[in-house]
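Encoded as C-alpha cells, the structure appears first; notes follow it.
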Amino acid sequence: MPNPSPVIAQWFAAKQQNPDALLFFRMGDFYELFFADAEAAAAALGIALTARGEHDGAPIPMCGVPIHAADAYLARLIRRGFRVAIAEQMEAASARSGKAPLRREVVRLVTPGTLTEDALLDGAHPNLLLALARAGATLGAAWLDISTGLFETADTVDLPALLGRLDPVEIVASSDIPLGDYNDRRAPDTAAPPPLAARARVAEAFAVASLDAFGAFSDAEAMAAALALAYVRATQAGKLPHLSAPAQHGTGGALAMDAATRASLEITRARDGGEHTLLASIQRTITAAGARTLAAWLSAPLTDPARITARQAAWSALTGSAVPLRVALRGAPDIARALARLSLGRGTPRDLGAIRTGVSAATEAAAALPADPALISYAGPLRLDPALHAQLAAALADDLPARSGDGPGNNNVILPGFDGELDAHRRLRDESRRVISGLQLDYAQRYGVAALKIRHHAQLGYVIEVPAAAAETLRAHPGLTLRQSMANAARFTNPDLADLDRRIAEAADRAAARENTILAALTATILQQAPALRAAAEALAALDALQSCAALAATGVWSRPIVTPDRAFAISAGRHPVVEAALARTARFIPNDCDLSPTRRVLLLTGPNMAGKSTFLRQNALIVILAQAGLPVPAAAARIGIVDRLFSRVGAADDLARGRSTFMVEMTETAAILNQAGPNSLVVVDEIGRGTATSDGLAIAWAVLEALHNQVRCRTIFATHFHELAGLTAAMPQMCPHTMRVREWKGDVVFLHEVGEGAAGRSWGVHVARLAGIPAPTVRRAAALLTAIERGAPSDLPLFTALPTSPPPLDRLRLALDATDPDKLSPREALDALYNLKTLGLSSE
Ligand code: ADP
Ligand code: MG
C-alpha cells in the first residue's frame, strides 16, 4: 500500500481514535471530511462531494463546511443521529516548520448529550445525558446536563418511568441493559468502573475526599455517576465542565408515570410532534431557563404535600405583583448555559457579557420581589458579589462580537481604560496606522507622484504603489526596490516600510494576545464563583416559572388546588387546557365536575363517539399532574388527595397513529397497570378492548374494570363504549356510572359535552356516521338494521345474535360471588355482601 500523504496520515490517526464519529478535520477556514465520512455527510447535508488527491490509486472523496457556518451543519448532523469528532489545528499557520503538516488534535466529540452551543440546543428543554449501571440486582442511574451543570442520581430505578420522565437525548449503558423505545439514543457501549473505583473517581472530580460528602450513594448509583463523568470527559478531550455536586433524586419524591402515560397525556411532547402540549398551554415564561424549569416541574410532579404547598405559596405571593420581576427577567440571559461554555474553555465574549448582564438581572430581580416568606428561598441566591459585576462592567464593551478576535484589528472586546498594557499596544498599533498615512503624503511629495499610495499586500507587506507611468521615476531612487510590475502599476518596498510593517504587526499581535489574557483572567474570576452563579441562575429560572403560574392565576380561570394526604378527589368545573385552547375561536369549552371520593371512586363513563369522553378522562389526569407539580389548575376548585402513580391508557383503536401491533400493546400496558397500581394511584382507561372482537373486548373491559374496583381499589375513570358495564353497579358498589349528555334534535344528535350520572341509553353510532359524512343511503340502511337488531336479533343476522346487550343476571350473581373474598370482609361488609347476593339472586329468577 502506498504511503498516504502526511495530512491524510494525520487524518487516519485521528479517525482511528474516533471510529464511530464523522471527523471534522480543520484545514484553514474549513472543516473537511474525507472518505466514507465525506460521502455520508454530503448525503446528509446535501452538499457537494468532491475529491482531493489520491489514496491507494483512487481519488479521495472529500466535502467541507466553512467554519463560520459549522454550528448549523453540526446541528443537522447531530439531529440525524451522527456523532462528530472535531480535529482542530493546534498551531498557527505562521508557526509551520518546514514541510510537516500543522499539528492537529481531536478536541471534542460532539454527541447529542454533550452539547453546549445555543445553536445546537433547544432553549426550552433540558438536554440530558443518562448513564445506567447495574450492581448486583440494583440498577443505578445518573443524569446530567452539561449545558446547565445539573447532575442527579437515583437508585433502584423503575427504568421505563425514569426514561419517560427524563426523556434523555443520549444514554450510556452497557448493552445488557435493555432500553426499549429509547434504544436509538444509546451511546457506543461503555463499561462502568467497579464500585470502589467509581466512588473514588466521582469524589476526585468534585475534589472531595469521599463521595459520602454528598450523601449515601449506593454502589449502582456511584457506578452510574462515574460512568456519566467518564463519558463526558471522553467527549471533551479530558476536560470536565462545571457540574453541581451529584444530588440524589429520591424516587419516592415524584409522581410515577411511565412512558405510555406521558405519551398519552402529551405533557411536554405532542404525539404528532406538534405544539399542542400541556406545557405549551400553561407556559407564560419569559426566559429559556424558566421554560426549562417549568418543563422539569411538569415532568416530575411531587408527592410531598409540604413541597407542593410551598410552590403554590410562592406563586400566590407573586400574583398581582409580578410586573417588576418580569421586567428584570426580560433582561436576563441564559446564565447557566453561558457558564457551561466558559467552564469548558469554549466561552465567547458574549458568554462573558451574559454573566455581566445576568448578575445585574439577578440583583434587579431580588429588588423586584415582594417581601413574602414564601419567596425568601428564591431571593437569597440572587444576591451575588457586586465586585464581579463591577469588574465585568468596567472590562467589557457593550456590543460584543460572537468570537474573540484572533487577528489584528479585531480585538474590541475590552474597553479602553481597563488595562494600561492593552491600551499601550493599541496606541502603538493605531499610531502606526497614522504614521502610514503621514508617510504616504511624504513619499508622494518626495517622488513627485501625486497618485502614490501605501498599501498592504498579503505577501509583500506594506508597499509603495504607483501608476506604471511613474515607475521609471521611482526606479531611479536608490533605497527603493521594485517588487512587482504590472500592466498599469508598479510596487516598491524600502527598509523603513519593512520595519514599520513589522512594528504594526507586532503591536496588533501584542494587543490581541493581551486581550486574550484579560479574557482568560475574567473567565477564571467568573468560574471561581460558578456555584453562586449557578444557584442564582436556578433561582431566576424558578422565579420565571413562578411568575408564569401567577400569570395564569391572574386570568381568574385557573385556581390553586388543595392537596391533601388522603384519597380525596373532587374537581369542580374542570377543563382540558389543550382542547380548550384549540376550541378557543370556534366553540366554548364546557367545564365538568369530577368526584372520585372513596364511596364512588370508580367513574364509569359511557356515551357516543365524539361526545367528549377522552377529553374528560384526560383533563382530570392533567389536573392531577398540574396540582402535584404545584401549579394552578384549570378548574373552579379542586381538592386532590396525593396520587402516588398515575396511569393513562388509550384503547388500541384510538391509538392507531402510533402504528404498533395495537391489541398486544394495549394488553401489555393494561397488565402493567394491574401489576403496579395501588390504592393511592389514579388510573384513567380509555376504550379498552376496542382492538379485538366485540365479545372479547367486552369480556376484557369487564374483567379489567372489576380488577381495578375490587383488587387495586384505586381512583379510576373508565371510559368505554360497552354500555353494558353500567349494569354492574350491584357487583361493584363503589362504581358510579356516568354518561356524556346528548340531545336529539330534528333527528340529529347534539353533543352537550356534559358529564352526568347515569348510563347511555343508546350509542348514537348511526347518527355519528351521518355527521361523519357516510352517504345517506348507507346511513338509512344502518338505521334499519339497528331497529331490527334492537327488536331482537332476527335470524338473518346470525353475526349479531351473539352480541351481548346487558350481562345476563346469572353472570352478575356469579361475578359478585367471584368478587367476594370471605376472608377479607369485616362483619359489616359481610352482611352487605349477603344482602347484595340475595338481591342479585332474586332478579335472576
Ligand atoms: P370521545 O372520546 O367521546 O369520542 P372526544 O373527547 O375525543 O370524544 O371529544 C371529541 C371532540 O369534542 C373534541 O375534539 C372537542 O372538539 C369536543 N369536546 C370534547 N369535550 C368538550 C367539552 N367539554 N366542551 C366542548 N367541546 C368538547
Ligand atoms: Mg375517545
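Computed from the coordinates by the stated procedures, all read-outs in this text should not be read as laboratory data. Computed from a predicted structure; not experimentally measured. Here the Cβ positions follow ideal geometry from the backbone for every residue, glycine too, while neighbour counts run over all protein chains shown.
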For 393-399, 745-751, ranked highest to lowest by mean beta-carbon neighbours within 10 Å, the order is 393-399, 745-751
Per residue of the stretch 469-485, what does 6.51 cos²θ - 1.76 cosθ + 1.60 with θ = phi - 60° give for ³J(HN,Hα)? Whole Hz please, x for Gly and Pro, Karplus curve as stated. 4, 8, 4, 4, 3, 6, 4, 5, 7, x, x, 9, 10, 6, 10, 7, 10
For Arg483, enumerate residues with amide H under 5 Å from its amide H, sequence gap 5+ or separate chain, H modeled in the peptide plane. Arg491, Phe492, Thr493
For the chain, take the longest principal axis of its alpha carbons; what is the angle in degrees between that and the long axis of helix 827-843, to the nearest 10 within 0 to 90? 70 degrees
List, in order, the whole-Hz ³J(HN,Hα) value for each residue of the stretch 423-433 obtained from phi through the Karplus relation with A = 6.51, B = -1.76, C = 1.60 and θ = phi - 60°; use x for Gly and Pro. 4, 5, 4, 5, 4, 4, 4, 6, 4, 4, 5
Note on the chain, DSSP bridge orientation, antiparallel percent to nearest 5 equals 65 percent
Between Thr787 and Ala58, Cβ-based FRET efficiency (R0 60 Å, step 0.05) works out to 0.15
As a percent rounded to 5, the proportion of antiparallel DSSP bridges among beta bridges in the stretch 136-268 is 60 percent
Using only Cα atoms and rounding to the nearest 10 degrees, what angle (0 to 90) does helix 776-790 make with the longest principal axis of the chain? 40 degrees
Give me, ordered by chain and number, the residues 5 or more places off Thr564 or on other chains with an amide H under 5 Å from its own placed amide H. Ile640, Gly641, Ile642
Sorted on mean Cβ neighbours within 10 Å (highest first), peptides 592-604, 171-183, 48-60, 334-346 come out as 334-346, 592-604, 171-183, 48-60
Quick shape check on the stretch 12-91: root eigenvalues a ≥ b ≥ c of the Cα gyration tensor, a/c under 1.5 is rounded, otherwise prolate if a/b tops b/c, else oblate, and it reads rounded
Counting Lys and Arg as +1 and Asp and Glu as -1 over every other residue whose Cβ sits under 13 Å from the Cβ of Val327, the net charge comes to 0
What net charge do the residues around Ala521 carry, taking every other residue with its C-beta under 13 Å from that of Ala521, with Lys and Arg at +1 and Asp and Glu at -1? -2
HN-Hα couplings for the stretch 515-531 via Karplus (6.51, -1.76, 1.60; θ = phi - 60°), in whole Hz with x for Gly/Pro, come out as 4, 4, 4, 5, 4, 5, 5, 4, 4, 4, 4, 4, 5, 4, 9, 3, x
With -39,500 (n - 2.57) per DSSP H segment of 4 or more residues and division by the full residue count of the chain, the 222 nm estimate, nearest 500 deg cm²/dmol, is -13500 deg cm²/dmol
Give me the distance in nm between label points sitting 7 Å out from Cα along the Cα-to-Cβ direction at Asp748 and Ala13, one decimal. 7.9 nm
Could you check the simple spin-label distance between Thr839 and Arg502, using points 7 Å along Cα→Cβ, in nm with one decimal? 10.9 nm
With a Förster distance of 25 angstrom and the Cβ-Cβ distance between Arg427 and Arg455, calculated FRET efficiency to the nearest 0.05 equals 0.60
Within the stretch 143-169: backbone nitrogen closer than 15 Å to the Asp212 label point (7 Å, Cα to C-beta): none
What are the residues whose amide H is under 5 Å from the amide H of Thr820, where those residues sit 5 or more places off or on another chain and H is modelled from the backbone? none
If the only charges are +1 at each Lys and Arg Cβ and -1 at each Asp and Glu Cβ, what is the size of the charge dipole of the stretch 6-63 around the Cα centre, to the nearest 20 debye? 100 debye
Other residues with Cβ under 12 Å from the Cβ of Leu622 give, with Lys and Arg +1 and Asp and Glu -1, a net charge of +1
For the modelled label position 7 Å from the Cα of Arg186 along Cα-to-Cβ, which residues of the stretch 123-141 have backbone nitrogen atoms closer than 13 Å? 132
Helix 349-368 against the longest principal axis of the chain: what's the angle in degrees, Cα atoms only, rounded to the nearest 10? 50 degrees
